[in-house]
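Quick notes on the structure that follows.
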Amino acid sequence: MTNTPPICNYEGSDYQTSFWDKGGRKYEDRTEAIAIKRLLPQRGRILLELGAGAGRNTPRYRGFERIVLLDYSRTQLEQAQQRLGQSDKYIYVAADVYRLPFVEGLFDGATMIRTLHHMADAPKALGQVKNVMRPGGTFILEFANKLNLKAIFRYWLGRQTWNPFSLEPVEFAKLNFDFHPRAIRKWLDEQGFTVERMLTLSHFRIGWLKRIVPTGILVFFDSLFQWTGQWWQLTPSVFVRALRGKPNSMHGEETFPRFASLTAFFKCPNCGFAQLEDRKTYLECYGCGKKWEVRDGIYDFRESM
Ligand SMILES: [Zn+2]
């Protein structure tokens, strides 16, 4: 087994309830819904949702025929299952983003929202995403921006030691990283993605403002200001739409057979072999013999059985 960077694990976490449902995040949630609508194609075949958590954003991808919800935490996926149910449309996969268990070129869409934030090796994770996407596919990436106004003022006032203008990520809490927009652009470029659009979000992520101004008004103005992200990015959250490949190169090409069985989606994260045998309660790799558990509708590729 190859060494991979440390992982931020939400196993057993009540993140969905404490942060989203009760945490006064309605504003953030609604501005994200707007950004997704603006960036994601209306229709598609297979979308990979990286860091799906409890499936908060998943219903927003309903234009895709199938959605693979990927998370490292099984308990988060169980919460997503309760929310979305078990059907052919949703495929639940517990796996490590640094060793994605999918064949190359499978997905025509991918999203990674509030997830890169926890990546100790962001370029490596982005490289994995590229591998499993087909040329011309659309990748929606959200990242936490270190170059935000609050951080800039705190730095100028001497209340913050790290420099928001430098390109390296800042780990402000264990396995919580903020990134510089130019570094993100560079990494995407190195992986062969073409950045098509940037939107800035959470212009009004200020506690007292959120308490006195009705959420709908903040959401309205944020949705207008989002477009300025194409020119400058000074908010704590930034959305990027990137194309896998260069514009007009192999655009719209479909490389994966439409009616392939589910097991044809997967490859062994241990040896990379793309032929796995479905044994009902597990998938068995023909390459290395490892067995990957399938239980209660969740494919588990974290540790072999
Ligand atoms: Zn294998």
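The values are calculated or read from the model by the stated rules, or taken from the named source; none is laboratory data. Because the structure is a prediction, the values reported are computed rather than measured. Counting neighbours? That spans all protein chains shown, and the Cβs are built from the backbone with ideal geometry, glycine included.
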Legend entry - Whichever residue in the range 112-124 is farther than 14 Å from Asp178 by Cβ and surrounded by 20 or more Cβ atoms within 10 Å (Cβ to Cβ) and, among such residues, is farthest from the chain's Cα centre (by Cα): Ile113
Inset, instruction - Tell me, please, whether a residue that is hydrophobic (A, V, I, L, M, F, W, C) and in a helix (DSSP H, G or I) can be found in the range 42-58. - result: no
Inset, instruction - Identify, from the list Ala264, Ala274, the residue that is at pLDDT below 95, surrounded by 14 or more Cβ atoms within 10 Å (Cβ to Cβ) and within 15 Å of the ligand (Cβ to nearest atom). - result: Ala274
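Residue by residue, here is whether (1) crowded, with 24+ Cβ neighbours inside 10 Å; (2) over 25 Å from Thr31 (Cα atoms) holds:
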{"residue": "Arg60", "(1), (2)": "no, no"}
{"residue": "Gln81", "(1), (2)": "no, no"}
{"residue": "Gln86", "(1), (2)": "no, yes"}
{"residue": "Tyr98", "(1), (2)": "no, yes"}
{"residue": "Val103", "(1), (2)": "no, yes"}
{"residue": "Ala110", "(1), (2)": "yes, no"}
Inset, instruction - Search the range 58-80 for residues that are closer than 19 Å to Asp96 by Cβ and pair each with any residue that is polar (S, T, N, Q) and surrounded by fewer than 23 Cβ atoms within 10 Å (Cβ to Cβ) when their beta-carbon atoms are under 6 Å apart and the residues are at least 6 apart or on different chains. - result: Tyr72/Asn9; Ser73/Asn9
Inset, instruction - Report, by residue number, each residue of the range 95-131 that is of a type outside the set (Gly, Ala, Ser), more than 12 Å from Pro5 (Cβ to Cβ) and assigned to a loop (DSSP other than H, G, I, E, B). - result: Leu100, Pro101, Val103, Glu104, Leu106, Ile113, Arg114, Thr115
Legend entry - Answer residue from the range 207-231, given it is touching a residue at least 12 places away in the same chain (Cβ under 8 Å) and hydrophobic (A, V, I, L, M, F, W, C) and is surrounded by the most Cβ atoms within 10 Å (Cβ to Cβ) among those: Leu218
Inset, instruction - Any chance you could count how many residues in the range 125-168 are surrounded by fewer than 21 Cβ atoms within 10 Å (Cβ to Cβ) and either on the phi > 0 side of the Ramachandran plot or more than 14 Å from the chain's Cα centre (by Cα) (or both)? - result: 21
Inset, instruction - State which residue is nearest to the ligand (Cβ to nearest atom) when the search covers only the range 286-300 and only residues that are under 17 Å from Ser261 (Cβ atoms) and under 27 Å from the mean Cα position of the chain (by Cα). - result: Trp292
Inset, instruction - Mind listing whichever residues of the range 239-261 are part of a loop (DSSP other than H, G, I, E, B), at pLDDT 80 or above and aliphatic (A, V, I, L, M)? - result: none
Inset, instruction - Could you list all residues from the range 17-41 that are at pLDDT below 80 and either among the aromatic types (Phe, Trp, Tyr) or assigned to a helix (DSSP H, G or I) (or both)? - result: Thr17, Ser18, Phe19, Trp20, Asp21
